[in-house]
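My questions all concern the structure below.
Please treat every number below as a calculation from the coordinates, not as lab data. None of these values were measured; they are calculated from a predicted model. Because the Cβ atoms are built from the backbone with ideal geometry, glycine has one as well, and the counts that use them run over all protein chains shown.
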């Protein structure tokens, strides 16, 4: 063998061995180019016993169905757990009353309690409505966050069931 060929063989051997190992540890893509059942829920499945792509696809489909039945959760159709935001009301009225009382007191000091009460009521109304709006927006944000957390909890429960099933079929799941 020439020195060039020997060097090429020596340098190529680790690359070929590494490529073979990497292929055995890489999650197999689905045959139709779409995501596999495990990938659809964010799981990465690695065959541990040199399972073929067809066997892995079949195992994923059966584990997906078993996980749906065991957990009672279908990730494609999550239970509607929308949390309703509690809407506060009456902020304008409370603000008007409080503002009128404060305005009347200041107006009495200035010599015209009626005018002070009217100004105080207007300012109180605006403040009360603004506070009520802020409160309602915060309630809506909290409800949206709670809804998202409930859906994520359902997905996590399903993922635990699917991971257990796939690991029982000799796959490493991440």
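By how many nm would the segment from residue 76 to residue 167 grow when fully extended, if each residue of separation counts as 0.36 nm and the alpha-carbon distance is taken off? Could you put the intermediate results ahead of the total?
On the way: separation 91, 0.36 × 91 = 32.76 nm, distance 2.23 nm.
Answer, rounded to one decimal: 30.5 nm.
Residue 62 to residue 153: FRET efficiency via 1/(1 + (r/R0)^6), r the Cβ-Cβ distance, R0 30 Å, to the nearest 0.05?
Details: r = 25 Å, r/R0 = 0.82.
That pair, residue 62 with residue 153, gives E of 0.75.
Still on this structure, I have one more. Among 123, 45, 55, which comes first, second and so on when ranked by fewest other beta-carbon atoms within 10 Å? Mind dumping the intermediate values first?
Working: 123 17, 45 25, 55 14.
So the ranking, lowest neighbour count to highest, is 55, 123, 45.
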